[in-house]
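Here's the structure, in structure tokens; my notes come after.
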Amino acid sequence: MTNFNRRSHNIQTATFSMGCFWGPDSRFGHLPGVIRTRVGYAGGTTPNPTYKLLGDHTETVEIDFDPEVISYSEILTIFWDNHDAAKDRNYKGRQYLSLLFYHNVEQHQTLQQVKKDWENTNYKNIQTEIQPYSTFYRAEDRHQKYFLKRYPKALEAITSLFPTYSDYVDSTIAARLNGFVREYGLLAEIKKELDFWGLTENEKNSLMDLLHIIRW
């Protein structure tokens, strides 16, 4: 069975924190080129954090993306455009900190340039904490694709198409639908991607039924 994932031979990962992780999970999940999303905890030293025992970690979003469709610099610009990174985010502790993790030297160089360009354009000094990537702890299932859970009939139908719940959470279509229910992206844009997911005709029909359940 297909995993409803956009196929790519060159997948990269971006990891960042910008407040409560539910919002950016849906905002970035709708973007063409984003293959999968997940939310979790990172940036601290507390072993095996949970939502109730977060310790010194921060709510974090991690996305896999196809750089031939959306570049890392584009992701960074969206990141800084959509939260107040010029404000001292530590006033509420580390849970909702503005935090950016780089996975390699290339990402570090790119983020420094995008940061400089953003500051020059917006006349603000970014206060985002920047760290090398270390460990990402996936959050509990109840936090994954949180907004799609508000549509229980659609959620039940789509999860039934996957062998496991983890396969559903890690799918491109779950990322798209979680964004769609928050009014990010258009139904027509999702339809255009169907051919990239290698769906059978029956799976395409099932997916269209789901979209109409959510839409109406």
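Given the criteria exposed (fewer than 14 other Cβ atoms within 10 Å of the Cβ) and either under 20 Å from Gly19 (Cα atoms) or over 15 Å from the mean Cα position of the chain (by Cα) (or both), does Gln95 qualify?
Details: exposed (fewer than 14 other Cβ atoms within 10 Å of the Cβ): no; either under 20 Å from Gly19 (Cα atoms) or over 15 Å from the mean Cα position of the chain (by Cα) (or both): yes.
Criteria not met by Gln95.
Looking only at residues in region 1-17 that are modelled with pLDDT under 95 and buried (at least 22 other Cβ atoms within 10 Å of the Cβ), the one that is farthest from Ser160 (Cα to Cα) is Arg6. Within region 176-186, being over 23 Å from Thr50 (Cβ atoms), assigned to a helix (DSSP H, G or I) and open to solvent by less than 30 Å² (accessible area, probe 1.4 Å) holds for Arg176, Leu177, Gly179.
All of Glu189, Glu203 fail the test of being part of a helix (DSSP H, G or I) and touching a Pro at 6+ places or on another chain (Cβ under 8 Å), apart from Glu189. Taken together, Thr46, Thr58 contain a single residue that is surrounded by fewer than 22 Cβ atoms within 10 Å (Cβ to Cβ) and touching a Leu at 6+ places or on another chain (Cβ under 8 Å), which is Thr46. All conditions in (1) over 30 Å from Gly55 (Cα atoms); (2) open to solvent by less than 60 Å² (accessible area, probe 1.4 Å) hold for Leu111, with the sole exception of (1).
Would region 66-80 turn up any residue that is assigned to a strand (DSSP E or B) and β-branched (Val, Ile, Thr)? No, region 66-80 has no match at all.
The values are calculated or read from the model by the stated rules, or taken from the named source; none is laboratory data. Predicted model only: the values in this text are computed from it and were never measured. Neighbour counts are summed over all protein chains in view; Cβ atoms, including those assigned to glycine, are modelled from backbone coordinates with ideal geometry. Note: areas computed on protein heavy atoms with side chains; ligands, DNA, RNA excluded. Shrake-Rupley method; radii C 1.70, N 1.55, O 1.52, S 1.80 Å.
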